[in-house]
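Asks: One structure coming up, written as structure tokens, with questions to follow.
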Amino acid sequence: MLWFKNLMVYRLSRDITLRAEEMEKQLASMTFTPCGSQDMAKMGWVPPMGSHSDALTHTANGQIIICARKKRKSCHRQ
């Protein structure tokens with residue numbers, strides 16, 4: 001079972017022709033990578049099934065599930 005820290009559900013108001021396979025290819029160019037030494041924040045797509053699958057999309061009951069990850073560095077002032 002999956003548990004989400006922050007879940008946003010969107011229902012599209014019109015039909016789209018985008019299939020999960022097409023979406024997978026598009027998301028692959030924007031996968032999450034950790035912050036580098038010069039980055040204050042990073043965002044990208046991660047597998048919605050976590051360690052159970054490397055796929056960036058998961059289809060269930062006709063719905064396509066995707067998962068974004070955002071990481072911000074904290075700045076500690078002295």
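Asks: Just to be sure before I move on: is Met49 under 15 Å from the mean Cα position of the chain (by Cα), of a type in the set (A, V, I, L, M, F, W, C) and surrounded by fewer than 14 Cβ atoms within 10 Å (Cβ to Cβ) in the structure I sent? Write out each step before concluding.
Replies: Working: under 15 Å from the mean Cα position of the chain (by Cα): yes; of a type in the set (A, V, I, L, M, F, W, C): yes; surrounded by fewer than 14 Cβ atoms within 10 Å (Cβ to Cβ): no.
When the stated conditions are applied, Met49 does not pass them.
Asks: Regarding segment 4-24, can at least one residue be identified that is of a type in the set (S, T, N, Q) and within 30 Å of Cys75 (Cα to Cα)?
Replies: Among the residues of segment 4-24, at least one is of a type in the set (S, T, N, Q) and within 30 Å of Cys75 (Cα to Cα), which makes the answer yes.
All of the numbers you see were taken from the coordinates with simple rules; none came from a lab. Everything numeric in this text was worked out from a predicted model, so none of it was measured. Cβ atoms come from the backbone with ideal geometry, glycine included; neighbour counts cover every protein chain shown.
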